[in-house]
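Take a look at the structure set out below.
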Amino acid sequence: MDCYDCNQLGKTASALAVCWHCGAAICPTHIKASAEDVCRSAGMGLATLRQTTRRLACPTCYDADHQP
């Protein structure tokens with residue numbers, strides 16, 4: 001599978017991952033990684049787990065998620 005963002009730029013690069021949000025294929029050049037807390041329902045509230053999760057996103061979804 002080829003990287004979606006590279007394809008839009010007229011290039012070809014093999015994808016290494018899939019964006020967690022939109023499902024676009026992404027190459028190592030375009031991968032945006034972030035560590036996020038994991039919260040689960042616990043009784044009447046939320047419990048935050050000790051270990052964070054890794055989220056891989058395309059540049060578009062990463063920028064949309066991390067706006068000020």
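The values are calculated or read from the model by the stated rules, or taken from the named source; none is laboratory data. Everything numeric in this text was worked out from a predicted model, so none of it was measured. Neighbour counts run over all protein chains shown; Cβ positions are idealised from the backbone, glycine included. All accessible areas refer to the heavy atoms of the entire protein, side chains included, with ligands and DNA or RNA removed. Shrake-Rupley method; radii C 1.70, N 1.55, O 1.52, S 1.80 Å.
Residues in the stretch 51-68 that are in a loop (DSSP other than H, G, I, E, B) and closer than 20 Å to Ala13 by Cβ: Cys58 only. Do we find that Gly43 is open to solvent by less than 90 Å² (accessible area, probe 1.4 Å), modelled with pLDDT of 95 or more and at positive phi in this structure? Answer is no for this residue.
So that you can scan it fast, the table gives a plain yes or no per residue for (1) of a type outside the set (Ser, Thr, Tyr); (2) more than 22 Å from Asp65 (Cβ to Cβ):
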site: Asp2; (1), (2): yes, yes
site: Asp5; (1), (2): yes, no
site: Trp20; (1), (2): yes, no
site: Ile31; (1), (2): yes, no
site: Thr53; (1), (2): no, no
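Evaluated against (1) touching a Ser or Thr at 6+ places or on another chain (Cβ under 9 Å); (2) loosely packed, with under 12 Cβ neighbours inside 10 Å; (3) charged (D, E, K, R), Asp63 falls short on exactly one condition, (1). Here the stretch 38-48 is the region considered, the condition is being of a type in the set (A, V, I, L, M) and farther than 21 Å from Trp20 by Cβ, and the residue that is farthest from the chain's Cα centre (by Cα) is Met44. Among the residues making up the stretch 1-30, those that are of a type in the set (Val, Ile, Thr) and either surrounded by fewer than 13 Cβ atoms within 10 Å (Cβ to Cβ) or touching a Cys at 6+ places or on another chain (Cβ under 8 Å) (or both) are Thr12, Ile26, Thr29. Screening the stretch 1-50 for strands (runs of 3 or more DSSP E) wholly inside it with 2 or more residues that are without any contact (Cβ under 8 Å) to a residue 40 or more places away in the chain, out of contact with any His (no Cβ under 8 Å at 6 or more places or on another chain) and charged (D, E, K, R) returns the ranges 32-36.
The residue of the stretch 49-59 that is surrounded by the most Cβ atoms within 10 Å (Cβ to Cβ), among those that are more than 15 Å from Ala33 (Cβ to Cβ) and under 20 Å from the mean Cα position of the chain (by Cα), is Leu49.
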